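A short worksheet on the structure shown next.
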Amino acid sequence: MRIIAACIVSFVLTWLLGKVVIPFLHALKAGQTIKEIGPKWHMAKQGTPTMGGIMFIFGTLIAVLVLGWADFMAGNFGALIVFGFAFIYGVIGFIDDYFKVRFHKNEGLTAAQKFLLQLAASILCILLLRNSGYLASELYVPFVNVTIQVPWIFYMVFAAFVMTGTDNAVNITDGVDGLATGVTMPVMAFYLATSVLWGKTELGILSAAMLGGLAGFLIYNFHPAKVFMGDTGSLFLGGMVCGLAFALNMPIVLILVGIIYICETLSVIIQVTYFKATHGKRIFRMAPIHHHFEMGGWSEYKLFTVFTGVTAVMCVLAYLGVLSR
């Protein structure tokens, strides 16, 4: 019941916060600056309020604190560790968004600054999860039900870079109305299901609250978006996606549930590498890959439906892969 309540409370709070936060962001003139190198039709979105991620961040936080209090009193702090980690990522995104809004450029923190801050937050999260008994230096392989022991120092390096990479991948996915929101919802549903399966109630409450918060946010973020989550929201989401994977001690599952994030990132890497190697030629019409499909005639509705649907199928497959654990 607490898990269901967490989802409902977060949904309602996020929805209600939208009625206050969006007008407030309008008043602050916190509008998104659209890149000129992006699709030309996206220029119509110029000025749409950004930093809307604060809506589901605080909706989730309140739901977790209220419904997860009994678990915290019992010494189960996994949900707080993961939320705190994601929150730090969200703060990094907020700083980035602030510079963009303040100076009216689609550039905030440098890539190096973001990476170092994200890396530091990842290492802190890994240490806290390990010391709290949630994380072991092992890699669980779905479907074959095999666990591979890894030296702790190598696991630390692996985990830090996976976390940082996942966070940036989610950030890249946030390029079309509702896309990152929709894609992440089935991922949270997967974490919710596995948390219940393994009796990790506190992580189930966090996953449910995040799912409800995203559903509430989608009311305002679905095309045509009334608000964008900004880096504040997308970096927070990235932290939540990878943080829960490690808290449940199954980071390899990110390959399945995060297939869209991976494809989005790979499309950028491939495009940039090929462009430089061929002195100006392209493989995709535009990267990330959602823009490639847009320029091929896909509507934002179709992108949302297909990408979210693919993620949902992969999440079901991932769940089947961990059932025998």
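Residues in the stretch 31-44 include none that are under 27 Å from TRP298 (Cβ atoms), assigned to a helix (DSSP H, G or I), open to solvent by less than 40 Å² (accessible area, probe 1.4 Å) and at pLDDT 85 or above. Here the stretch 267-325 is the region considered, the condition is being of a type in the set (Lys, Arg) and farther than 17 Å from ALA180 by Cβ, and the residue that is least open to solvent (accessible area, probe 1.4 Å) is ARG325. Pairs needed: first member in the stretch 197-209, in contact (Cβ under 8 Å) with a residue 40 or more places away in the chain; second member anywhere, open to solvent by 50 Å² or more (accessible area, probe 1.4 Å) and assigned to a loop (DSSP other than H, G, I, E, B); C-beta distance under 8 Å; at least 6 residues apart or different chains. Listed pairs, sorted by first residue: LEU197/LEU323; TRP198/ARG325; THR201/ASN76; GLU202/ASN76; GLU202/PHE77.
Among residues that are crowded, with 20+ Cβ neighbours inside 10 Å, touching a Ser or Thr at 6+ places or on another chain (Cβ under 7 Å) and at negative phi, LEU206 is not included. Annotation: of all residues in the stretch 245-263 being in a helix (DSSP H, G or I) and closer than 20 Å to VAL150 by Cα, the one that is most open to solvent (accessible area, probe 1.4 Å) is ILE255.
Residue by residue, here is whether (1) at pLDDT below 95; (2) in contact with an Asp or Glu (Cβ under 6 Å, 6 or more places away or on another chain); (3) on the phi > 0 side of the Ramachandran plot; (4) not basic (Lys, Arg) holds:
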| residue | (1), (2), (3), (4) |
| --- | --- |
| PRO49 | yes, no, no, yes |
| GLY59 | no, no, no, yes |
| ILE62 | no, no, no, yes |
| MET73 | yes, no, no, yes |
| ASN76 | yes, yes, no, yes |
| GLY84 | no, no, no, yes |
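Within the stretch 151-179, being open to solvent by 20 Å² or more (accessible area, probe 1.4 Å), over 18 Å from GLY243 (Cβ atoms) and not in a helix (DSSP H, G or I) holds for PRO151, GLY175. Taking the numbered list (1) under 20 Å from VAL316 (Cβ atoms); (2) at pLDDT 95 or above in turn, LYS200 passes all entries but (2).
The set of residues from the stretch 142-170 being of a type outside the set (S, T, N, Q) and more than 30 Å from ILE289 (Cα to Cα) comprises VAL144, VAL146, ILE148, VAL150, PRO151, TRP152, ILE153, PHE154, TYR155, MET156.
Restricted to the stretch 135-150, and to residues there that are in a loop (DSSP other than H, G, I, E, B) and within 15 Å of ARG325 (Cβ to Cβ), the residue that is most open to solvent (accessible area, probe 1.4 Å) is PHE143. Look at the stretch 15-27: where a residue is aromatic (Phe, Trp, Tyr) and a partner is assigned to a helix (DSSP H, G or I) and open to solvent by less than 70 Å² (accessible area, probe 1.4 Å), sitting 6+ places away or on another chain with Cβ atoms under 7 Å, you get TRP15/GLY216.
Screening ALA225 on (1) open to solvent by less than 10 Å² (accessible area, probe 1.4 Å); (2) over 13 Å from the mean Cα position of the chain (by Cα); (3) closer than 27 Å to LEU109 by Cβ shows it passes everything except condition (1). Considering the stretch 63-85, and only residues there that are in contact with a helix residue (DSSP H, G or I) (Cβ under 6 Å, 6 or more places away or on another chain) and of a type in the set (A, V, I, L, M), the residue that is surrounded by the fewest Cβ atoms within 10 Å (Cβ to Cβ) turns out to be ILE81. For first residues located in the stretch 270-286 and in contact (Cβ under 8 Å) with a residue 60 or more places away in the chain, partners that are open to solvent by 100 Å² or more (accessible area, probe 1.4 Å) and not acidic (Asp, Glu) and lie 6+ apart or on another chain with Cβ distances below 9 Å form the pairs MET286/ILE37. PHE143 satisfies every condition listed in (1) modelled with pLDDT under 95; (2) within 30 Å of MET1 (Cβ to Cβ); (3) in contact with a helix residue (DSSP H, G or I) (Cβ under 6 Å, 6 or more places away or on another chain) except (2).
Of LEU218, LEU211, all but one fail to be within 15 Å of the chain's Cα centre (by Cα), at pLDDT 95 or above and within 28 Å of PHE158 (Cα to Cα); the exception is LEU211.
The values are calculated or read from the model by the stated rules, or taken from the named source; none is laboratory data. Fair warning: this is a prediction, and the values are worked out from it, not measured in the lab. Cβ coordinates were reconstructed from backbone atoms using ideal geometry, including for glycine residues, and neighbour counts include every protein chain displayed. Please note that ligands, DNA and RNA were not included when accessible areas were found on the heavy atoms of the full protein model with its side chains. Shrake-Rupley method; radii C 1.70, N 1.55, O 1.52, S 1.80 Å.
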